[in-house]
1. Might you report the magnitude of the Cβ-based charge dipole of the chain about its Cα centre, with Lys and Arg at +1 and Asp and Glu at -1, to the nearest 20 debye?
2. Of K131/K221; K111/K208; K131/K472; K96/K168, which sit over 20 Å apart, Cα to Cα?
3. Using only the Cα atoms of the range 536-586, what are the Rg and Dmax in Å?
4. Mind checking Rg over Rh on the chain, alpha carbons, Kirkwood formula for Rh?
5. To make sure I understand, if each residue's beta carbon is the centre and we count other beta carbons within 10 Å, what order do H418, H62, H171, H81 fall in, fewest to most?
6. How big is the charge dipole of the range 299-378 about its Cα centre, in debye rounded to the nearest 20, if each Lys and Arg gets +1 on its Cβ and each Asp and Glu gets -1 on its Cβ?
7. What is the sum of charges, Lys and Arg at +1 and Asp and Glu at -1, for the other residues whose Cβ falls under 11 Å from the Cβ of E24?
8. Can you grab the distance from the C-alpha centre of the range 187-225 to the C-alpha centre of the range 398-421, Å, no decimals?
Amino acid sequence: MALTNNKYVLEWVKEMAEMTQPDEIVWVDGSEEQLEAIRREAMSTGELIKLNEEKLPGCYLHRSAINDVARVEDRTFICSHRQEDAGPTNNWKDPKEMYAMLKELYTGAMKGRKMYVIPYSMGVVGSPFAKYGIELTDSIYVVVSMAIMTRVGKEVYDALGDSPDYIKGLHAKADLDAEKRYIVHFPEDNTIMSVNSGYGGNVLLGKKCFALRIASYLGRKQDWMAEHMLILGIENPQGEIRYLSAAFPSACGKTNLAMLIPPEIYRNKGYKVWCVGDDIAWLRIGEDGRLWAVNPENGFFGVAPGTSEKSNPNALETTKSGTIFTNVVHTADNTVWWEGLDKNPPKGAINWKGEPWDPNSGEKGAHPNSRFTAPAKNCPCISPEFDNPKGVPISAIVFGGRRAKTAPLVYQSRDWQHGVFVGSIMASETTAAATGAVGVVRRDPMAMLPFCGYNMGDYWRHWLDMGKKIPKLPKIFNVNWFRTDDEGNFIWPGFGENMRVLEWILARCFDEIGADETPIGYVPKVDDINLEESGVSKETLADLLSVDKELWKEDVRGVREFYAKFGDKLPNELAQELDKLENNLK
Ligand code: GTP
Ligand code: SPV
Ligand code: MN
């Protein structure tokens with residue numbers, strides 16, 4: 001039975017059901033009772049495997065199709081009416097043509113299946129900044145994952161009332177044909193359509209599709225920002241908490257930084273880190289003139305490989321109950337394993353493809369983009385402000401990528417405009433989070449290349465405009481944990497040790513510490529980064545902070561080429577900043 005009288009919802013659901021032709025429509029109410037019945041159905045077909053209840057209570061394993069393990073950027077579209085509104089970095093097709101093509105793919109796609117109607121909220125239900133969505137899907141994996149990642153339940157209908165103001169999402173697995181896989185956004189229609197995939201960011205439509213692509217489009221019209229950022233707070237020994245948000249591309253360390261455990265010398269002094277979010281931030285100007293951030297999600301869709309007791313104990317603890325694991329190793333004692341969890345790969349286990357796996361075969365047991373879907377409330381360091389609809393005030397915005405050379409460990413922009421430039425020239429090596437080659441350096445402005453729902457040139461303009469509207473601006477920084485030596489080893493120890501860099505960043509925000517000026521911006525004085533018990537020498541730090549002018553000149557050429565794609569959409573301010581950088585390097 002329908003859970004709402006909202007005529008816009010009812011009409012749309014009816015129309016979509018007429019097209020996709022499911023056997024039955026299930027209205028998801030968010031109750032544990034109904035969710036449990038849905039999980040049981042998935043267990044009977046093997047879509048979910050119930051894991052060892054003693055060791056991993058309420059946890060499940062799911063395997064996606066072998067050709068369906070990551071986001072598909074080449075099949076992701078922004079269908080605005082004008083192509084120039086999608087811009088040179090998005091795939092585009094005329095909305096009319098796209099709707100017609102999709103109609104063919106969706107027609108009858110749910111025959112023999114059930115259509116689940118999921119009402120969900122991004123943000124605290126009923127709060128002024130919450131935004132609502134309804135996802136229609138024929139995948140139980142999507143239903144149970146959305147129930148972790150977002151706030152699902154009939155209270156969403158109550159909050160929506162009879163308003164048409166919700167984001168429509170239609171997802172059909174169809175036959176998982178990779179050649180007919182499409183992830184399509186119609187920002188002007190508040191609509192998302194996803195077909196022929198069953199994996200992560202392609203199908204959990206509240207996440208990248210809504211909370212970044214559609215939301216970035218809305219934010220520009222409404223003077224706020226939707227960003228691919230973690231949010232964390234650092235509590236100092238005096239009990240004062242300072243917050244920062246950080247944008248790194250996919251699989252470049254957001255979850256790890258968001259749940260950081262400070263090194264022992266910091267813990268002994270009384271420092272604590274609080275996680276507000278690990279992937280997405282919605283930022284608004286507060287009444288006090290500062291920039292405030294909320295995490296619109298309710299769970300973590302984190303990279304499994306590399307997550308260990310040593311690298312990220314908080315993330316590991318978060319996955320100990322109520323978690324869905326996707327594409328990891330299934331062990332003989334009905335638990336899970338992945339590369340980097342420990343040094344004891346299990347014997348007699350099943351790999352991510354569902355085949356018997358020999359750890360000595362040289363083949364990986366878990367897919368490099370295997371993931372956990374875990375409730376935020378499980379996280380030992382979840383911020384007490386997590387559910388605060390106002391969010392938290394941001395002192396620093398940090399950009400960062402995976403760069404073997406060029407970018408130093410940390411540098412600060414000279415001002416907001418220069419900071420926007422620093423974000424716009426970000427580059428990073430590609431990772432397994434999206435299909436395609438891994439390890440190729442590409443431009444990824446603000447870590448938003450795959451997630452900006454409109455022309456990236458207009459997006460930069462929006463950033464510059466926001467700089468004029470925010471009375472108390474955060475300071476903007478860039479970090480790089482991934483510089484390598486001649487043998488390809490990471491020089492900086494990373495993970496918890498990144499605290500040392502964050503301390504410097506926040507001290508800069510409160511004018512508590514000096515810096516050296518370089519052609520690219522401010523870098524720390526070597527003595528100002530606390531290296532106590534880090535195992536890093538001052539010489540190594542000096543090397544990590546060094547700015548190689550020749551490499552940067554090469555980068556300037558790359559940026560020029562990239563900027564040229566935007567024609568007159570490139571804000572003049574950024575062209576000027578590039579000239580200035582080039583001059584500084586002479
Ligand atoms: P998405 O969920 O795809 O957006 O990724 P993410 O940005 O949250 O990345 P995550 O924290 O999951 O880290 C991805 C990979 O980077 C893992 O293999 C981590 O082990 C590795 N990593 C994270 N932080 C560091 C670091 O400080 N140093 C090094 N060397 N590796 C890191
Ligand atoms: C990312 O790729 O940035 C992710 C995973 O956070 S996904 O939800 O698949 O986009
Ligand atoms: Mn992400």
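Bear in mind these aren't lab numbers, they're just calculated from the coordinates by the rules spelled out. For clarity, every value in this text was computed on a predicted model and none was experimentally measured. Cβ placement follows ideal geometry from the backbone for every residue including glycine, while neighbour counts extend to all protein chains displayed.
1. 500
2. K111/K208; K131/K472
3. Spelled out, the Cα radius of gyration and Dmax of the range 536-586 are 14.5, 47 Å.
4. 0.95
5. H81, H418, H62, H171
6. 200
7. 0
8. Comparing the Cα centres of the range 187-225 and the range 398-421, I get a distance of 27 Å.
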